[in-house]
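In what follows, a single structure is set out as structure tokens and then discussed.
All of the numbers you see were taken from the coordinates with simple rules; none came from a lab. Keep in mind the model is a prediction, meaning the values are calculated, not measured. So basically every Cβ, Gly included, is an ideal-geometry build from the backbone, and we count neighbours across all protein chains shown.
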């Protein structure tokens, strides 16, 4: 059985919230909880219910896996924060795709050298394409 590290979960939640340029208060309003509750989640003091996790993923435009495990290295998340939302979503899906290479890169100015080698590891599940 997989154990969730709630402090690491909170850190990833904060990274995704900041990548979407949301305050704790704004995220709380969007998922129906107080900013204090979001703060406790981010500090690992509370664990999300299944419904809360799904709501967070919907609002943050990410997968549950990406919040619960280390799917994206910090350097990749930092790079994605610097891009417009549509490009971030395209790059996220490309990075998480099965065996990406430079020839299959999106038609955008992509700094492939900024993506760490871990970002190119394959995953077994199909991921939704964000638009």
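Give me 59, 31 sorted ascending by neighbouring Cβ count inside 10 Å, so fewest comes first.
Numbers: 59 17, 31 21.
Least crowded to most crowded, the residues run 59, 31.
Which of rounded, prolate or oblate describes segment 6-68 when judged by the alpha-carbon gyration tensor and an a/c cut-off of 1.5?
Numbers: a/c = 1.17, a/b = 1.04, b/c = 1.12.
Taking the square roots of the gyration eigenvalues as a ≥ b ≥ c, segment 6-68 is rounded.
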| Taking 15, 29 and counting other C-beta atoms within 10 Å, the order from fewest to most | 29, 15
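Treat the count of other C-beta atoms within 10 Å as a stand-in for reagent exposure and order 54, 38 from fewest to most. It would help to have the intermediate numbers written out before the result.
On the way: 54 13, 38 27.
Least crowded to most crowded, the residues run 54, 38.
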